[in-house]
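Here's the structure we're looking at; comments come further down.
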Amino acid sequence: FYESFRKKKSPVRILVTGGSGLLGKAIEHVVTKQGGARDGEEWIFLSSKDANLTDLAQTRAIFEKHRPTHVIHLAAKVGGLYLHMKENLQFWRDNIRINDNVLHTAHEMNINRVVSCLSSCIFPDKTTYPIDETMIHNGPPHESNYGYSYAKRMIDVQNRGYRSQYGRKYTAVIPTNVFGPYDNFNKENGHVLSALINKTHTAKVEGSPLQVWGSGKPLRQFIYSLDIARLIIWVLREYEEVSPIILSVGEDDEISIKEAVEKIAETLEFKGEIVYDTTKSDGQIKKTASNAKLRSLLPDFEFTPFPQALKETCDWFLNNYDIARR
Amino acid sequence: SARLSSSPPPPSSSSSPSSPSSPAQMDSNNTQSPVRILVTGGSGLLGKAIEHVVTKQGGARDGEEWIFLSSKDANLTDLAQTRAIFEKHRPTHVIHLAAKVGGLYLHMKENLQFWRDNIRINDNVLHTAHEMNINRVVSCLSSCIFPDKTTYPIDETMIHNGPPHESNYGYSYAKRMIDVQNRGYRSQYGRKYTAVIPTNVFGPYDNFNKENGHVLSALINKTHTAKVEGSPLQVWGSGKPLRQFIYSLDIARLIIWVLREYEEVSPIILSVGEDDEISIKEAVEKIAETLEFKGEIVYDTTKSDGQIKKTASNAKLRSLLPDFEFTPFPQALKETCDWFLNNYDIARR
């Protein structure tokens, strides 16, 4: 399908919604700095400054302005654990609205390829492990973020509708826990590793103990944003199924929050006391996902080793402290 | 909308329009709080049944105003129209029945539209109700939305436990999401929004269209035509699927009870018991008997059956309302057939 565009020498314009976020910036980096773009491709990165995607008119206006041929849809209302627990209704409503505006506008403009982004946190809470792509609707998600989770799951429902009725090749990826430059490092709302990097840095600067929320026991498969970016670009070009695909390191690379905390402390050379506040919620204890489908399609893909990825992220945070979202 | 113009106006009271009575208590003795119940989808199968119970069977209480909306009054996929109709009537309670609905074959062709339209309708109604400080909304799900791969009997805890049947996944997911949204409003704002889950409903005012109608209604219409034309009755599918059929007037009485008395955010199944499940074939034969059709009955097994079984438990209902008496199926079927024959010209066909 992608090749047919090149042969006809049609313009290829790839619109990335949520382009200023963690994944969007990673894709931009791969495309502009690491040779990820091909000749004749135009890549457009949108942020919320360009359009409020909960508003249909604004969504249409920005699509009409750029007239993309492909869309990577990353934009969402996102947050850390504690924000989700407080605002499930808003996470549900805003994300349903954003996703419908983007998917239906793409359809109305005859765009045949949209790759959306789900998340491993949307899987059923009560489940067997490892989790795989066939399981996403097999039970309620974790109570802490059910609004966000259901809204994301419904992307898959909508994709199937467009595929079976109109032949649109809309699909989705499911990253596990992503980290990297340009994340939201806010100590309360940020993703876990980013929040910890910020808290550790502050603790070091202030000479105070590092307070970690939760027990440290939850296990996660952390994946570097630049690896996800390369994989999403591959999915856009090569992945044919309507079923989503998990993008993750292998099950053997799962680590506990406590191990991550200690690695961050080592990377930032924090030598103070680390305290685990067990009165705070842990969220899901385990989310072990299978990357077997990815491995069957891309057996030779090499993930950036965690220590290196963590170091690059910490370096970015320190060098960009003033502009980092904190 | 079918306003109950013959009802006496609510007792005069000091004006307190934005403080409805406590959600599940519709205290008709309290002259301070007007009770206005807005029924969306009021011209449909369930809406008409509620209207009948309320206006003809003494189902309304003193001081209650019941307003029945249809799509002529507002297109609920449009937010502005939804807001306008809510602002016009300023309800204190809502029974939300409006939806894009259809029979098996329409669903299979248009899952995307069933998903999008129903998500839009439900969000417009629920969020407008919330913005207008309405504390009580009872929405309507359906037993067809349960997981396809499941154990039986199905109960209220299971609705999200797996994908629904492939034939109507768009409609099913949209309906399931009412439950998600209800929980959000309850936990963040204390709104007493909840939902009911009827099994297969039938009765007067249904859509009797032979292709798009619900199964019993479509069969009543087809049997009538076959009798009049002297042709065989063609039944789509094998006749083997099993269903718990429930009369619309029974559902209506139960929904009114839920509006007044049911406190949980979890949905409640409204159904006859598991022992009252019958096959499509038994239903076909009962309809033929009721309409006195004596011709040949042919089962076209090339046509899809839909779900083979949907057996639902009514244990929660029975624990709360142990003495409720359902209308016996032969009587309910006869009343429905009589209505169809007497209203043939206006029936949706």
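Ordering A:Leu193, A:Asn52, A:Ile246 by the projection of their Cα atoms onto the charge dipole of chain A, which places +1 on the Cβ of Lys and Arg and -1 on the Cβ of Asp and Glu, puts A:Asn52 at the extreme positive end.
Each of A:Gly283, A:Ile223, A:Val235 was scored by the projection of its Cα onto the charge dipole of the stretch A:188-326, and the greatest displacement toward the positive side belongs to A:Gly283; charges sit on the C-beta of Lys, Arg, Asp and Glu. So if we plug the beta-carbon distance of B:Glu229 and B:Thr301 into 1/(1 + (r/R0)^6) with R0 = 22 Å, what FRET efficiency do we get, rounded to 0.05? My answer for the efficiency is 0.45. Two numbers describe the Cα atoms of chain A: Rg and Dmax, which are 19.4, 62 Å. Per residue, the Cα convex hull of the stretch B:80-123 amounts to 77 Å³.
Per residue, the stretch B:116-218 exposes an accessible area of 28 Å² to a 1.4 Å probe, with every protein chain left in place.
When only alpha carbons of the protein assembly as shown are considered, Rg and Dmax amount to 28.0, 94 Å.
Basic side chains Lys and Arg get +1 at the Cβ, acidic Asp and Glu get -1 at the Cβ, and with that the dipole of the protein assembly as shown about its Cα centre reaches some 1320 debye. Rounded to the nearest 500, the helix-only mean residue ellipticity at 222 nm of the protein assembly as shown stands at -12500 deg cm²/dmol, with each DSSP H run of n ≥ 4 adding -39,500 (n - 2.57). About its Cα centre, the dipole of the stretch A:162-232 is roughly 340 debye, where the only charges are +1 on Lys and Arg Cβ and -1 on Asp and Glu Cβ. Structure note, pairs B:Lys149/B:Lys192; A:Lys49/A:Lys311; A:Lys217/A:Lys311; B:Lys100/B:Lys175: Cα-Cα distances above 19 angstrom occur for B:Lys149/B:Lys192; A:Lys49/A:Lys311; A:Lys217/A:Lys311.
One Cα centroid belongs to the stretch B:63-117, the other to the stretch B:285-348; the line between them spans 25 Å.
In chain A, what percentage of the DSSP-assigned beta bridges are antiparallel, given to the nearest 5? Percent antiparallel among DSSP bridges in chain A is about 10. Charge tally for A:Val178 (other residues, Cβ to Cβ under 11 Å; Lys, Arg +1; Asp, Glu -1): -1. Rounded to the nearest 20, the Cβ-based charge dipole of the stretch B:62-174 about its Cα centre (Lys and Arg +1, Asp and Glu -1) stands at 300 debye. For the segment A:100-110, counting C-beta atoms of other chains within 10 Å of every residue's C-beta and taking the mean gives 1.
Orientation-averaged projection of the stretch A:282-321 equals 4.8 nm² [convex hull of Cα atoms, one quarter of hull surface area].
For the residues of A:132-141, the average number of beta carbons from a partner chain within 10 Å of their own beta carbon is 3. Ordered from longest to shortest, the equivalent ellipsoid semi-axes for the stretch B:251-308 are 35, 16, 9 Å, each the square root of 5 times a Cα gyration tensor eigenvalue. Per-residue Karplus couplings for the stretch A:110-118, computed as 6.51 cos²θ - 1.76 cosθ + 1.60 with θ equal to phi - 60°, are listed in order as 6, 7, 9, 9, 10, 10, 9, 10, 9 Hz, Gly and Pro entered as x.
Using Stokes-Einstein with the Kirkwood hydrodynamic radius over Cα pairs, what translational diffusion coefficient do you get for the stretch B:162-203 at 37 °C and a viscosity of 0.692 mPa s, in µm²/s rounded to a whole number? The Stokes-Einstein estimate is 275 µm²/s.
Once both axes come from the Cα atoms, what is the angle between helix B:79-89 and the longest principal axis of chain B, in degrees from 0 to 90, rounded to 10? Between helix and principal axis, roughly 60 degrees.
Per the accessible-area calculation with a 1.4 Å probe, the total area buried between chain B and chain A rounds to 2300 Å². Ranked by the mean number of other Cβ atoms within 10 Å per residue, highest first, peptides B:306-316, B:322-332 order as B:306-316, B:322-332. The relative contact order of the stretch B:130-261 comes to 24 percent, based on Cα pairs under 8 Å that sit 6 or more residues apart.
Viscosity 1.306 mPa s, temperature 10 °C: what is the translational diffusion coefficient of the stretch A:36-177 from Stokes-Einstein with a Kirkwood Rh over Cα pairs, rounded to a whole number of µm²/s?
99 µm²/s
For peptide B:177-184, how many partner chain Cβ atoms fall within 10 Å of a residue's Cβ, on average? Don't skip to the end; give the middle numbers.
Values: counts 7, 0, 2, 12, 7, 1, 6, 10.
Mean partner-chain Cβ count within 10 Å for B:177-184: 6.
Apply 1/(1 + (r/R0)^6) to the Cβ-Cβ distance of B:Leu320 and A:Trp316, taking R0 = 41 Å, and write down the FRET efficiency to the nearest 0.05. Write down the numbers at each step before the final one.
On the way: r = 58 Å, r/R0 = 1.43.
The value I calculate is 0.10.
Percent of Cα pairs in the stretch B:213-349 per distance bin of 10 Å, from zero to the largest separation: 11, 37, 32, 16, 4, 0. Scalar couplings 3J(HN,Hα) for the stretch A:278-284, obtained by applying the Karplus form with A = 6.51, B = -1.76, C = 1.60 to θ = phi - 60°, are 7, 6, 8, 5, 8, x, 6 Hz; x denotes Gly and Pro.
Using only Cα atoms and rounding to the nearest 10 degrees, what angle (0 to 90) does helix B:215-229 make with the longest principal axis of chain B? Tilt of helix B:215-229: around 50 degrees. Pairs of lysine in the stretch B:264-349 with Cα under 19 Å and at least 8 positions apart or on different chains: total? Lysine pairs meeting the criterion: 8.
The values are calculated or read from the model by the stated rules, or taken from the named source; none is laboratory data. If you're wondering where the values come from, they're calculated on a predicted model, not measured in any experiment. A quick note on method: Cβ atoms are made from the backbone with ideal geometry, for glycine too, and the neighbour counts reach across all protein chains shown. In case anyone asks, the SASA skips ligands and DNA or RNA and just uses the protein heavy atoms, side chains included. Shrake-Rupley method; radii C 1.70, N 1.55, O 1.52, S 1.80 Å.
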